[in-house]
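Just below is one structure, and these are the notes that go with it.
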Amino acid sequence: MVNAVHETGVLMSTKSEQRKAVLREKLVHSAKARIERDGMAALRARDLAKDAGCAVGAIYNAFEDLNDIVMAVNGLTFQALGETVRGSFDGTEPPVDRLILMSHAYLGFAVDHTNLWRALFDLDMSEDGRVPAWYRAALGDLFANISRPLSELFPEMAEQELSLMTRAMFSSVHGIVLLGLQNRISGVPPEQIEQMIAAVLRRIGNE
C-alpha cells in the first residue's frame, strides 16, 4: 500500500512537471513572437496568459517573473545569432575578411530581428550582480569566433591583451550596428553600415 501511494505521488508530480514544461514552452513561444513584433517594453503578463490559455497567476508558477521569460527568449535568440555568425565563414578566409563576414552577419541578424536583438542587451541583469551561466557561455562563443582571426593578425599579442581587443572590436561593431539602426542619430543609411564596418576592420588589419 505504501509503495502504491508513493508511486501515485511520483506520477502526479511527473504530470505536474510535464504540464509546467508545456506551459513554459507556450509562454516562451508567445513572448518571443510578441517581442519580435512589438519590442520587449510592450510585453505584458495578461497578454501572455491569453496566448497560453492560462490564468495570469499560472505564469508565476512557471517562471519567477517576466524578466525570467525574456531571459529564456534571449537564450533562443543567442542560439540563433551564434548559428548565423558561425555560418557566415568557412575558416579558409584571410582573418580580416573573416571578421568582416562575421560582422556583416551580425548586422544582418540585427536588421532582420531588431527587437529580439535589442532584448539581448536591454534586459536588466544587474540585480544581485547575477549573470546566467548560459549568457556568459554564449558571449564566450561569440568572442571566441572574433578572437581566432585576431590571434592570426596579432600572433605576438598576450592572451589578456587579445581578450581586451576582442571585446573592444565587438563593442565597436555593436556600436556601429546600434547607431546605424538608429538612423536619426548617426545619419548613416542602412546600406552604408556594412561599408563602415568593413572600413574599420580593414583599418585594424592595416589593409
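At q = 0.11, 0.18 Å⁻¹, what base-10 log of I(q)/I(0) does the Debye formula yield for the chain when every alpha carbon is treated as an equal point scatterer in vacuo?
-0.65, -1.25
Which value in nm describes the separation of the simple spin-label points at L164 and D51, placed 7 Å from the Cα toward the beta carbon?
4.3
Determine which residues of region 76-91 fall in the zone a paramagnetic label at R148 would reach in this model, i.e. backbone nitrogen under 11 Å from the point 7 Å along Cα→Cβ.
86-91
Give me a comma-separated list of calculated 3J(HN,Hα) values for region 52-68, in order, Karplus coefficients 6.51, -1.76, 1.60 applied at θ = phi - 60°, integers in Hz, x for any Gly or Pro.
Listing the rounded values in order: 7, x, 9, 6, 4, x, 5, 4, 7, 8, 9, 9, 5, 6, 5, 4, 5 Hz.
In percent, how large is the relative contact order of the chain, given Cα pairs closer than 8 Å and 6 or more residues apart? Walk me through the numbers on the way to the answer.
On the way: 156 pairs, mean separation 38.9, N = 207.
Contact order relative to length: 19 percent.
Need one number: nm distance between label points at A133 and E194, each 7 Å from Cα along Cα→Cβ, rounded to one decimal.
4.0
Every read-out reported here was derived from the displayed coordinates using simple, explicitly stated rules and does not represent laboratory data. A quick note: this is a predicted structure, and the numbers were derived from the prediction, not measured. Neighbour counts run over all protein chains shown; Cβ positions are idealised from the backbone, glycine included.
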